[in-house]
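Each remark here refers to the structure printed beneath this line.
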Amino acid sequence: MITAAQLRAARALLGIDQRSLAAMAGVSLPTIQRMEASDGTVRGVVDTLVKVIDALDASGVELIGPGQPSQAQGRGVRLKEPA
């Protein structure tokens, strides 16, 4: 699972725009735009989600689910539940 906020944050960490992520993942720009406009968890074709997650992973971004420890080393940012 990936949230729209995670997707936007991952792009920001890489310093890339939506068009670049679409090209890296081999998906269309409108697909990335729809994913980022989602409310909460991104929904879509599993194959498309995997392509985007794989592209982010290959670029050095680790997506961490709630309650999961980070598997990588290095600095990072994690969202907390709002107070």
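Annotations
- Within segment 49-71, residues that are free of Cβ contacts under 8 Å to residues at least 60 places away in the same chain have Cβ atoms under 7 Å from residues that are surrounded by 13 or more Cβ atoms within 10 Å (Cβ to Cβ) and small (Gly, Ala, Ser) in these pairs: LYS51/ALA25; VAL52/ALA25; ALA55/ALA25; LEU56/ALA10; VAL61/ALA10, counting only partners at least 6 apart in sequence or on another chain.
- For segment 7-16, the count of residues that are in contact with a helix residue (DSSP H, G or I) (Cβ under 8 Å, 6 or more places away or on another chain) and outside any helix (DSSP H, G or I) is nonzero.
- The residues of segment 17-46 that are farther than 18 Å from SER59 by Cα, among the β-branched types (Val, Ile, Thr) and not in a helix (DSSP H, G or I), listed by number, are THR41, VAL42, VAL45.
- When segment 48-68 is filtered for residues that are assigned to a helix (DSSP H, G or I) and surrounded by 13 or more Cβ atoms within 10 Å (Cβ to Cβ), the ones remaining, listed by number, are THR48, LEU49, LYS51, VAL52, ILE53, ASP54, ALA55, LEU56, ASP57.
- Matching residues, segment 22-32, being in contact (Cβ under 8 Å) with a residue 12 or more places away in the chain and more than 12 Å from the chain's Cα centre (by Cα): MET24, GLY26, VAL27, THR31
- Total residues in segment 41-83 satisfying the condition of being under 21 Å from GLY15 (Cα atoms) and modelled with pLDDT under 80: the figure is 8.
The values are calculated or read from the model by the stated rules, or taken from the named source; none is laboratory data. What you see is a predicted model, and the numbers here were worked out from it, not measured in a lab. Don't worry about glycine lacking a Cβ; one is built from the backbone with ideal geometry, like all the others, and counts go over all protein chains shown.
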